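Each value in this text was obtained by applying a stated rule to the coordinates, not by laboratory testing. None of these values were measured; they are calculated from a predicted model. With ideal geometry, Cβ positions are generated from the backbone for all residues, glycine too; neighbour counts draw on all protein chains shown.
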Amino acid sequence: MARRKTRKSVSRKAKTDVQYSVSPAGEKFPIPRKEDYAAELARLKRQVSRARKEGKEIVVVMGVGFVGAVMAAIVADSEDNKGRPGKFVIGCQRPSTRSYWKIPLLNRGQSPVKAEDPEVDRMIARCVQDKKTLIATYNSDCLKLADCVVVDVQCDYTKHELGNMRTGEADMAALEATMRTIGDKIPPKCLVLIETTVAPGTTEFVAWPILKKAFAARGLKSAPLLAHSFERVMPGRDYVASIRDFWRVCSGCNAEARRRVEKFLRQVLNTKDYPLTIMDRPIESETTKIVENSYRATILAFLNEWSLFAERNGVDLIKVIRAIKMRPTHSNIIFPGPGIGGYCLPKDGGLGYWAYRHILGFEDGDSVFKITPEAVDINDTRGLHVAELVRDALRNMGRYIAHADVLVCGASYRQDVGDTRYSGSEMVVRKLTEMGAEIRAHDPYVDHWYELEKQDVYPAPGHSWQRFFRNQGELENVRVQKDLRAALKGAEAVVFAVPHEPYLGLKPDEVVRWAGQPLAVIDCFGILSDEQIRRYFELGCEVKALGRGHIQRIKDAVRKKLRR
Ligand SMILES: NC(=O)c1ccc[n+]([C@@H]2O[C@H](COP(=O)([O-])OP(=O)(O)OC[C@H]3O[C@@H](n4cnc5c(N)ncnc54)[C@H](O)[C@@H]3O)[C@@H](O)[C@H]2O)c1
């Protein structure tokens, strides 16, 4: 007999249908249901009407990730020439299971991004709780209330092969979807400012047509006001200053958009001390971003060959770089670590290469672009060499990499930040795992290494670097440890992959005592002083490092002394 559906079983089913978005701290937030949207819009309208009465301009920031969350707070914190808040900001984020949690957090005055700059937390709390100039929502109908929309969604570059960026492609889906939503909803005179790093040509030849088409469908006669101004944010100790107190470049699709974007940026950023550069066309400001990041990536890739030269010829590249930096003209040369991660440097050259063909229509990309693709490919695969160093150091100690316990210190892409996107450490860990090592990870700034923990869906289903290696399954069990002493216990090798501050002063005697035995020590960033290297050898350890060929000399000297 078919069971009759009781009211109880229906409501139980409704309950199980609720989807949740879980914050990194583990807090569960139910995803809003269809029937919640109307009440949410009413709440937004009430807040906006109050803000308008106070003479504030309404700014919607689309995408409250690493850039958007902090930019939203900077705009909300800005003041007019009478020292009064001039903007009311609504951060808007899709209510996906992955990202929705950012909205309730922001509405409480808590930052959705973990930052080493204490000003991020303070500023968000101040704007939400005290000034009441910042709120967040999942309801994109907030766009109907906007005077200005700032777009901070991602635009990734997906690589299909390891070490070959030429076969990759720009992932425009999030940006295109956002532009369609904006076009359908904004008032005709609203300024739209794209801050996302985009493939050159995107603003004028992809985004503007989407907006124009949407305006035409709505029967609007005016041209959409679209501008571009890329972010140069550096998450880390100067997170806020790297947005607010930093030089900006901007441009607009027409004269009115150019005038409006200039006015807006002068109101919200410190353009008095950090002058604004205004370009004629968006493709020029888009290209500025791609060229400056490709330039950085190229210097780092170029130093890779000199790093290998140094390792094999008794030269310490750290000292070479220090000597070069004495010349003021060469002072921004930097040591290439195990990978050039962070969200931007690995992808931005690809966006330029891809745009040349797929947006701008040229077929000779491979004869024009020689250096940029090569630089990205070298940087993407540099971590593989670290695995060779670990293997060789263990071999010199009579151990095998297979089944060795290896602690990787540092999961993020650069020192003293908690952002793990495309970090060199991930490449190191994946290659070591393929070779059979048992991985442990430590990082003072990272709580979850999602690239490992959620590798089937992170950064997106089918996009994890796990697809380039074998035997990666176990990595989802790796948890980032905070207690270095405990993490080191029993380790046979330690890889200092990122020069986080807590690693710089570590005493070799302590490290060996905590490990409980001499171990292989691999330095990826010139973290160890010569004195520390010497001491590790005296304690029976083996030391290897990227770009530091002089280590062999130190080793020989220690062995000679011990033989005497
Ligand atoms: N992170 C950096 O250090 C940095 C530095 C300079 C420039 N940038 C550029 O800034 C842009 C944003 O980067 P990020 O680090 O903030 O990325 P992110 O992934 O942290 O944030 C993007 C956010 O947009 C949201 N989003 C996606 N589609 C959306 C939609 N349709 N509507 C609303 N929200 C949507 C995502 O859920 C996410 O929260 C990128 O172009 C990046 O290259 C980043």
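Before moving on, here are some points about what is shown:
- Spin-label zone in the stretch 394-415 - amide nitrogen under 15 Å from a point set 7 Å from the Cα of residue 324 along the C-beta vector: none
- Lys, Arg +1 and Asp, Glu -1 on Cβ, resulting dipole of the stretch 29-174 about Cα centre, debye, nearest 20: 700
- Förster radius 56 Å - calculated FRET efficiency between residue 400 and residue 232 (Cβ-Cβ, nearest 0.05): 0.80
- Segment residue 313..residue 270, full-extension length gain: 10.7 nm, with 0.36 nm per residue of separation and the alpha-carbon distance subtracted.
- Spread over its residues, the convex hull of the C-alpha atoms of the stretch 304-404 is 164 Å³ per residue.
- Taking the Cα centre of the chain as origin and assigning +1 to Lys and Arg Cβ atoms and -1 to Asp and Glu Cβ atoms, the resulting dipole is close to 1920 debye.
- 15 Å beta-carbon shell around residue 39, net charge (K/R +1, D/E -1): +1
- Greater than 29 Å apart at Cα, pairs in 114/454; 325/561; 213/454: 325/561; 213/454
- Spin-label zone in the stretch 123-153 - amide nitrogen under 19 Å from a point set 7 Å from the Cα of residue 110 along the C-beta vector: 123-130, 134-138
- Alpha-carbon centroid distance for the pair the stretch 89-118 / the stretch 181-196, whole angstrom: 21
- Top positive-direction residue, dipole computed over the stretch 236-344 with Cβ charges, set 268, 251, 338: 268
- When peptides 117-129, 84-96 are sorted by average Cβ neighbour count within 10 Å, with the highest value leading, the order is 84-96, 117-129.
- Highest to lowest packing among 487-499, 453-465, scored as the average C-beta count within 10 Å: 487-499, 453-465
- Förster radius 35 Å - calculated FRET efficiency between residue 39 and residue 121, Cβ distance, rounded to 0.05: 0.75
- Cα gyration tensor shape for the stretch 370-526, rounded if a/c is under 1.5, else prolate or oblate: rounded
- Packing-based ranking, highest mean first, of 428-439, 66-77 given that Cβ atoms within 10 Å are counted: 66-77, 428-439
- A Cβ-based charge dipole, computed about the Cα centre of the stretch 343-409 with Lys and Arg at +1 and Asp and Glu at -1, lands at about 300 debye.
- Most positive-pole-ward Cα, 150, 68, 133, against dipole of the stretch 66-200 from beta carbon charges: 133
- Cα-Cα over 23 Å, subset of 34/131; 131/185; 159/431: 34/131; 131/185
- Looking at the chain, the DSSP beta bridges with both ends there are about 20 percent antiparallel.
- Distance between the stretch 231-295 and the stretch 488-564 - C-alpha centres, whole angstrom: 44
- The stretch 310-354 and the stretch 137-163: distance between their alpha carbon centers, rounded to Å: 31
- Global form of the stretch 353-425, assessed from the alpha-carbon gyration tensor, a/c cut-off 1.5: prolate
- Shown here: the chain, whose C-alpha atoms stretch 88, 75, 50 Å along the first, second and third principal axes, sorted largest to smallest.
- Gyration tensor verdict on the stretch 467-564 (Cα atoms; rounded if a/c is under 1.5, prolate if a/b is larger than b/c, oblate otherwise): prolate
- Residue-averaged [θ]222 nm for the chain, counting only DSSP H segments that reach four residues, each worth -39500 (n - 2.57): -12000 deg cm²/dmol
- Multiplying the residue separation of residue 434 and residue 460 by 0.36 nm and subtracting their alpha-carbon distance yields 7.2 nm.
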